[in-house]
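Participant: The structure that follows is given in the form of structure tokens.
The values are calculated or read from the model by the stated rules, or taken from the named source; none is laboratory data. The structure presented is a predicted model; accordingly, all values stated were derived computationally and were not measured. Cβ sites come from the backbone with ideal geometry, for glycine too, and all protein chains shown count toward neighbours. When the accessible area is computed, the model is the full protein with side chains, heavy atoms only, and any ligands, DNA or RNA have been set aside. Shrake-Rupley method; radii C 1.70, N 1.55, O 1.52, S 1.80 Å.
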Amino acid sequence: MLLVIAILLVLVLIGIARCIVIVPQSNAYVTEWLGVYKDTWGAGPHLRTPFVERVSRKVSLKEEAADFPPQPVITRDNVTMMIDTVVFFQVFDAKLFAYGVNRPIENLSATTLRDIIGSMSLDETLTSRDLINTKITASLDEATDRWGIKVNRVELKNIEPPAEIRQAMEKQMKADREKRAS
């Protein structure tokens, strides 16, 4: 009988311990009550109602960097270039982020990049990297507000024109150097 009471006591203690949830600093937990959004917990200890309340999503509130592979982009003068980007963003509303959209940054940044580069010529694209970064950042930040995301900045890591254009640019640079040398 004493063994049964000890086992029941251990089970009750385990059940109580599972009801205590500690949210780490720089995180937010989105909770659901029987599958419906209930609350967003900030950092610190919280009590969870057993069996009916659960943590549905753990969201980091730190700034994150999303690095995307090179994407083909066509300029206004029909030159296809490969451009890879890094987007720095931060979640400011865990509920909107959890229930808003899946993978919002990747798809939105690709379409925004194509839109902005498509309105520029090859020369403008190669010489105005800061302008492109600023335009993409402003456009992404405005679009992601409704999903609880703040886009802090966008960086173009590499702009790679087609091989034949690179060769022509190298020939032009070589000719300019030879001209200065003579």
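Condition check ((1) open to solvent by 20 Å² or more (accessible area, probe 1.4 Å); (2) closer than 16 Å to K157 by Cα; (3) outside any loop (DSSP other than H, G, I, E, B)) across all residues:
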site	(1), (2), (3)
P69	yes, yes, no
V86	no, yes, yes
N102	yes, no, no
T111	yes, no, yes
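Participant: I'd like the full set of residues that are of a type in the set (S, T, N, Q) and at pLDDT 75 or above, limited to region 147-172. Steps first, answer last, please.
Facilitator: Taking region 147-172 and keeping what is of a type in the set (S, T, N, Q), we get 152, 158, 167, 172.
Scanning region 147-172 gives N152, N158, Q172.
Participant: Please specify each residue of region 36-66 satisfying the condition of being in a strand (DSSP E or B) and in contact (Cβ under 8 Å) with a residue 60 or more places away in the chain.
Facilitator: Correct list: Y37 only.
Participant: Restricting to region 9-18, name every residue that is open to solvent by less than 100 Å² (accessible area, probe 1.4 Å) and farther than 16 Å from R48 by Cβ.
Facilitator: Taking region 9-18 as the starting set, the residues that turn out to be open to solvent by less than 100 Å² (accessible area, probe 1.4 Å) are 10, 12, 14-17.
Result: V10, single match.
Participant: M81: touching a strand residue (DSSP E or B) at 6+ places or on another chain (Cβ under 8 Å), open to solvent by less than 70 Å² (accessible area, probe 1.4 Å), under 18 Å from K135 (Cβ atoms) and at pLDDT below 90, yes or no?
Facilitator: Values: touching a strand residue (DSSP E or B) at 6+ places or on another chain (Cβ under 8 Å): yes; open to solvent by less than 70 Å² (accessible area, probe 1.4 Å): yes; under 18 Å from K135 (Cβ atoms): yes; at pLDDT below 90: yes.
Here the answer is yes, as M81 does meet what is asked.
Participant: Six or more apart or on different chains, Cβ under 8 Å: which pairs go from a residue in region 137-158 that's under 16 Å from N102 (Cβ atoms) to one that's outside any strand (DSSP E or B) and acidic (D, E)? Could you list them?
Facilitator: G148/D93
Participant: Quick one: in region 128-151, of everything that is out of contact with any Phe, Trp or Tyr (no Cβ under 7 Å at 6 or more places or on another chain) and hydrophobic (A, V, I, L, M, F, W, C), which residue is most open to solvent (accessible area, probe 1.4 Å)?
Facilitator: Per the stated criteria, the residue is L131.
Participant: Restricting attention to region 17-35, does a residue exist that is free of Cβ contacts under 8 Å to residues at least 40 places away in the same chain, in a helix (DSSP H, G or I) and out of contact with any strand residue (DSSP E or B) (no Cβ under 9 Å at 6 or more places or on another chain)?
Facilitator: As a first pass, look at region 17-35 and keep what is free of Cβ contacts under 8 Å to residues at least 40 places away in the same chain: 17-27, 31-35.
Among the residues that remain, those that are also in a helix (DSSP H, G or I) are: 17-19.
Of the ones still in play, those that are also out of contact with any strand residue (DSSP E or B) (no Cβ under 9 Å at 6 or more places or on another chain) are 17-18.
The answer is yes; a qualifying residue exists.
Participant: Return the pair list, or none, for Cβ contacts closer than 8 Å from residues in region 96-119 that are of a type in the set (D, E, K, R) to residues that are not in a helix (DSSP H, G or I), at least 6 apart or on different chains.
Facilitator: Partner pairs satisfying both residue conditions: E106/A66; E106/F68; R114/Q71; R114/V73; R114/I74.
Participant: Still on this model: Do the conditions hold for T125, that is, is it assigned to a helix (DSSP H, G or I), out of contact with any Ser or Thr (no Cβ under 9 Å at 6 or more places or on another chain) and open to solvent by less than 80 Å² (accessible area, probe 1.4 Å)? Step through it out loud before you land on a result.
Facilitator: Details: assigned to a helix (DSSP H, G or I): yes; out of contact with any Ser or Thr (no Cβ under 9 Å at 6 or more places or on another chain): no; open to solvent by less than 80 Å² (accessible area, probe 1.4 Å): yes.
For T125, the condition - assigned to a helix (DSSP H, G or I), out of contact with any Ser or Thr (no Cβ under 9 Å at 6 or more places or on another chain) and open to solvent by less than 80 Å² (accessible area, probe 1.4 Å) - is not met.
Participant: While we're looking at this one, here's another question. Can you tell me which residue in region 20-55 is least open to solvent (accessible area, probe 1.4 Å), limited to those that are among the polar types (S, T, N, Q) and within 24 Å of F92 (Cβ to Cβ)?
Facilitator: Out of the qualifying residues, it is T31.
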